[in-house]
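The values are calculated or read from the model by the stated rules, or taken from the named source; none is laboratory data. Fair warning: this is a prediction, and the values are worked out from it, not measured in the lab. A quick note on method: Cβ atoms are made from the backbone with ideal geometry, for glycine too, and the neighbour counts reach across all protein chains shown. What goes into the accessible areas is simple: the full protein's heavy atoms, side chains included, and nothing from ligands, DNA or RNA. Shrake-Rupley method; radii C 1.70, N 1.55, O 1.52, S 1.80 Å.
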Amino acid sequence: MTLPRLFKTEAIVLRQRKLGEADRILTLYTPTYGKLDAKAKGVRKTTSRMSGHLQPLTRCMVQLARGRSMEVIAGCQALESFAVIREDLQRLSRALYAAELVDRFVPEHVESHATYHLLLDTLRRLAQALDADSVLRYFEMRLLEHSGFRPELARCLGCERQLQPVTNYFSPGAGGTLCPECAGGTAGPRPLSVNALKVMRLLQRGSYNDMARLQVPPELGQEIERHLRSYIVHVLERDVNAAAFIERLRRDALFETIEV
Amino acid sequence: MNEPLPSAAGPVARLIEEFHKLPGVGPKSAQRLTYYVLRAPAAEAQALAQALLDVKDKIVLCSVCQNVTDVDPCRICADGQRDRTTICVVEEPLDILALERTRSYRGLYHVLHGVISPMEGIGPDELKMKELLDRLRSNEVGEVIVATNPNLEGEATAMYLGKLLRALGLKVTRLARGLPVGADLEYADDITLARALEGRQEFSG
């Protein structure tokens, strides 16, 4: 898609990196123009009028000018800065995880209203929800679907038969579930409990409200997290950096509680 | 057809190559710098080379505050005149220079050498945080000023440190946030403006 010479769009700042003396390159996610890199000039100076509006995870209105190698930000105004997320490490680490996943999954310059709104809804939910992990699981399942990696959870990918209510297996390599016979002996697939399968199906077919109503016990939540994470790592062919920080906060029991 | 492109003589090309590796130096700047050195007196080239070697040979991290220094402990840590009950935690050695320029801080420092940056895979273990905790256990520090940058990563680091240090029973303070000198209210973002309002002070002018 050829971009207009000067255009205005809503965007969520996914990440930023330093450039030269006082500039930054921002990765913006927009509904109409997809993911794009833009140069923000002078935002590392204390007198910058833009820097406060362009922090990662901010939803903002930006005016972009087409540049030679990348867009240049001509003006911006923050629309939602998600202060609640920024002030709580639990929420922040999860919001950064969501932003990193979007950055890794979506290609540049591809229009993406659905995924954009998924990310925006996820940030809003993270700002409110008590159970930040359920918000993330729902987000992961939807993002996989939007990107064409919807995992199979109804049938066995080996023999095509309906799964029975016993401990089945989840295989990241196959892209979904395997029955005990088909999974036998191979190393990749991990046991998938009946309850975990049920919750994963709900994540896949239900709405966010269905999920939010559900009380998932911590152990079950971690099993589902492991399955989805292993599938995501398989699809991306790399680790998700922000996941390590979430793990770290869990280990420092000090940070376990979400502050309301 | 396959004749090689004309290139500068070996040592010249090598110096261009080396300059080119420096941040912010493009191929043309590298050439210009190289030809400057080529024409400069030998003593100047000698001084440049020596300075480059010294910076690697003689500079170490201060065993107390982790600042870059040529004597260990560094001059700030060794200065008996300074207030040893306050430690100011900064991201980078350059931040110490900025704070020292204000001439209004007389305590000690601690350099983290980075910030928590979950998306880049940089967590607390990659920073000089353990060294800070060791320092706090052994001496008479009463207050820790967290002076990381007021951006997303700096705030995340400050929150993490704050929780850790408060658990040790220390007083933890954060640099004030608000409007910079020379700013315009109409361009200020919501968070900055809200903080500036919260931190307003009685006007005694």
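Would you mind computing, in nm to one decimal, how far apart the modelled labels at B:Leu193 and A:Gln77 are, each placed 7 Å from Cα along Cα→Cβ?
1.1
How large is the charge dipole for region B:68-202, taken about the Cα centre, if only the Cβ atoms of Lys, Arg (+1) and Asp, Glu (-1) carry charge, to the nearest 20 debye?
Values: 17 positive and 23 negative charges, 133 e Å.
Dipole of region B:68-202, to the nearest 20 debye: 640 debye.
Expressed as cubic angstrom per residue, what is the convex hull volume of the alpha carbon set of region A:82-232?
Normalising the Cα hull of region A:82-232 by residue number yields 119 Å³.
For peptide B:146-152, compute the average count of partner chain beta-carbon atoms within 10 Å of each residue's beta-carbon. Intermediate values should be presented prior to the final figure.
On the way: counts 0, 0, 0, 1, 4, 9, 12.
Across B:146-152, the average partner-chain Cβ count within 10 Å equals 4.
May I ask for the net charge around A:Ser48, where only other residues with Cβ less than 12 Å from the Cβ of A:Ser48 are counted and Lys, Arg are +1 while Asp, Glu are -1?
Result for the local shell: +2.
Distance from the Cα centre of region A:235-254 to that of region A:118-186, in angstrom?
Comparing the Cα centres of region A:235-254 and region A:118-186, I get a distance of 19 Å.
Tally Lys and Arg at +1 and Asp and Glu at -1 over the other residues with C-beta under 12 Å from the C-beta of A:Ser230: what net charge comes out? Numbers along the way, then the final one.
Working: positive: A:Arg190, A:Arg226, A:Arg229; negative: A:Glu140, A:Glu223, A:Glu225, A:Asp239.
Computed value for this residue: -1.
List the relative contact order of chain A as a percent without decimals, with contacts defined as Cα pairs under 8 Å and 6+ residues apart.
Working: 427 pairs, mean separation 40.3, N = 260.
For chain A, the relative contact order is 16 percent.
Looking only at chain B, where both bridge partners belong to it, what percent of the DSSP beta bridges are antiparallel (to the nearest 5)? Before the final figure, lay out the partial values.
On the way: 3 of 16 bridges.
Counting DSSP beta bridges with both partners in chain B, the antiparallel share is about 20 percent.
Tell me, what is the 1.4 Å probe accessible area of B:Lys130, in Å² to the nearest 10?
140
Rounded to two decimals, what is the ratio between the C-alpha radius of gyration of chain B and 2.2 N^0.38 Å?
On the way: Rg = 23.0 Å, N = 205, 2.2 N^0.38 = 16.6 Å.
Cα Rg divided by the expected 2.2 N^0.38 Å: 1.38.
Restricting the calculation to Cα positions, tell me the Rg (one decimal) and the Dmax (whole number) of the protein assembly as shown in Å.
Expressed in Å, the Cα Rg and Dmax of the protein assembly as shown come to 26.5, 84.
Cross-link candidates for B:Lys28: which aspartates and glutamates have Cα within less than 19 Å, leaving aside residues fewer than 8 places away along the same chain?
Of all the aspartates and glutamates, those that pass the test against B:Lys28 - Cα under 19 Å, at least 8 places apart if same chain - are A:Glu21, B:Glu17, B:Glu18.
Compute the FRET efficiency between B:Val68 and A:Glu181 as 1/(1 + (r/R0)^6), taking r as their Cβ-Cβ distance and R0 = 51 Å, and round to the nearest 0.05.
With R0 = 51 Å, the Cβ-Cβ based efficiency is 0.20.
Towards the positive end of the charge dipole of the protein assembly as shown, with charges on Cβ (+1 Lys, Arg; -1 Asp, Glu), say which of B:Thr34, B:Tyr109, B:Ala47 has the farthest Cα.
Farthest towards the positive pole: B:Thr34.
B:Asp189: accessible area at probe 1.4 Å, nearest 10 Å²?
The value for B:Asp189 is about 20 Å².
Solvent-accessible area per residue for chain B at a 1.4 Å probe radius, Å²? Can you show the working numbers first?
Details: 13190 Å² over 205 residues.
Roughly 64 Å² per residue, with all protein chains present.
Taking the C-alpha atoms of region A:25-141, how large are the radius of gyration and the largest Cα-Cα span, Dmax, in Å?
For region A:25-141, the Cα radius of gyration and maximum Cα-Cα distance read 14.5, 45 Å.
Among B:Thr148, A:Leu249, A:Asn168, whose Cα sits farthest toward the positive end of the charge dipole of the protein assembly as shown (+1 at Cβ of Lys/Arg, -1 at Cβ of Asp/Glu, about the Cα centre)?
Of B:Thr148, A:Leu249, A:Asn168, it is B:Thr148.
May I ask you to derive the relative contact order of region B:25-144, considering only C-alpha pairs under 8 Å and at least 6 residues apart, and to give it as an integer percent? Mind showing how you got there, number by number?
Numbers: 124 pairs, mean separation 24.6, N = 120.
Value for region B:25-144: 20 percent.
Would you kindly work out the equivalent ellipsoid of chain A from its C-alpha gyration tensor and give its semi-axes, the square roots of five times the eigenvalues, largest first in whole Å?
Listed largest to smallest, the semi-axes of chain A are 37, 21, 15 Å.
What does the charge dipole of region A:6-81 about its Cα centre add up to, to the nearest 20 debye, if the Cβ of each Lys and Arg holds +1 and the Cβ of each Asp and Glu holds -1? Don't skip to the end; give the middle numbers.
Working: 14 positive and 6 negative charges, 46 e Å.
In total the dipole reaches around 220 debye.
What is the magnitude of the charge dipole of chain A about its Cα centre, with +1 placed on the Cβ of each Lys and Arg, -1 on the Cβ of each Asp and Glu, and no other charges, expressed in debye to the nearest 20? Spell out each step's value before the answer.
Working: 37 positive and 30 negative charges, 167 e Å.
For chain A, the charge dipole is close to 800 debye.
Which one of B:Leu193, B:Leu170, B:Met129 has its Cα pushed farthest toward the positive end of the charge dipole of region B:68-202, where Lys and Arg give +1 and Asp and Glu give -1 at the Cβ?
B:Leu170
Quote to one decimal, in nm, the extra length available between A:Asn195 and A:Leu120 on full extension: 0.36 nm per residue of separation minus the C-alpha distance between them.
On the way: separation 75, 0.36 × 75 = 27.00 nm, distance 2.91 nm.
My answer for the length gained is 24.1 nm.
Scan around A:Leu157 for amide H atoms under 5 Å from its own, H built in the peptide plane at 1.01 Å from N, and keep only partners 5 or more places away or cross-chain.
Close amide H contacts, sequence-distant or interchain: A:Thr177, A:Leu178, A:Cys179.
Among A:77-88, B:28-39, A:132-143, how do they line up by average Cβ neighbours within 10 Å per residue, starting with the highest? Before the final figure, lay out the partial values.
Values: A:77-88: 17.2, B:28-39: 14.2, A:132-143: 22.2.
My ranking of the peptides, most packed first, is A:132-143, A:77-88, B:28-39.
Extension gain B:Glu140-B:Glu17, at 0.36 nm per residue separation less the Cα-Cα distance, in nm?
On the way: separation 123, 0.36 × 123 = 44.28 nm, distance 5.03 nm.
Computed gain between B:Glu140 and B:Glu17 is 39.3 nm.
Under the definition of Cα pairs under 8 Å and six or more residues apart, what whole-number percent is the relative contact order of region B:77-205? Write down the numbers at each step before the final one.
Working: 148 pairs, mean separation 27.8, N = 129.
Relative contact order of region B:77-205: 22 percent.
Determine, from the Cβ-Cβ distance of A:Arg17 and A:Ala212 and an R0 of 41 Å, the FRET efficiency 1/(1 + (r/R0)^6), rounded to the nearest 0.05.
0.75
So which of A:Lys41/B:Lys56; A:Lys8/B:Lys21; A:Lys39/B:Lys130; A:Lys45/B:Lys21; A:Lys8/A:Lys45 end up more than 29 Å apart by C-alpha?
Values: A:Lys41/B:Lys56 33 Å; A:Lys8/B:Lys21 37 Å; A:Lys39/B:Lys130 36 Å; A:Lys45/B:Lys21 25 Å; A:Lys8/A:Lys45 24 Å.
Long pairs (Cα-Cα over 29 Å): A:Lys41/B:Lys56; A:Lys8/B:Lys21; A:Lys39/B:Lys130.
Over all pairs of distinct alpha carbons, what does the Kirkwood formula give as the hydrodynamic radius of region B:54-156, in Å? Mind showing how you got there, number by number?
Numbers: mean 1/r = 0.0701 Å⁻¹.
One over the average 1/r among Cα pairs gives 14.3 Å for region B:54-156.
Tell me, which cysteines of chain A are without a disulfide-compatible partner by the Cβ under 4.7 Å rule?
When partners are defined as cysteine Cβ atoms under 4.7 Å apart, chain A leaves A:Cys60, A:Cys76, A:Cys159, A:Cys182 without one.
Taking the simple approach of a point 7 Å from Cα along Cα-to-Cβ for both A:Thr2 and A:Arg68, what is their distance in nm?
Once both label points are built, they end up 2.0 nm from each other.
Quick check: Cα centre of region B:62-81 to Cα centre of region B:87-118, how many Å?
Measuring centre to centre over Cα atoms gives 13 Å.
Mind checking the full-extension length gain between B:Thr102 and B:Ala176? Use 0.36 nm per residue of separation minus the Cα-Cα distance, one decimal, nm.
Values: separation 74, 0.36 × 74 = 26.64 nm, distance 1.49 nm.
Between B:Thr102 and B:Ala176, full extension yields an extra 25.2 nm.
How far apart, in nm, are two points set 7 Å out from the Cα along the Cα-to-Cβ line at B:Asp184 and at A:Arg155?
6.3
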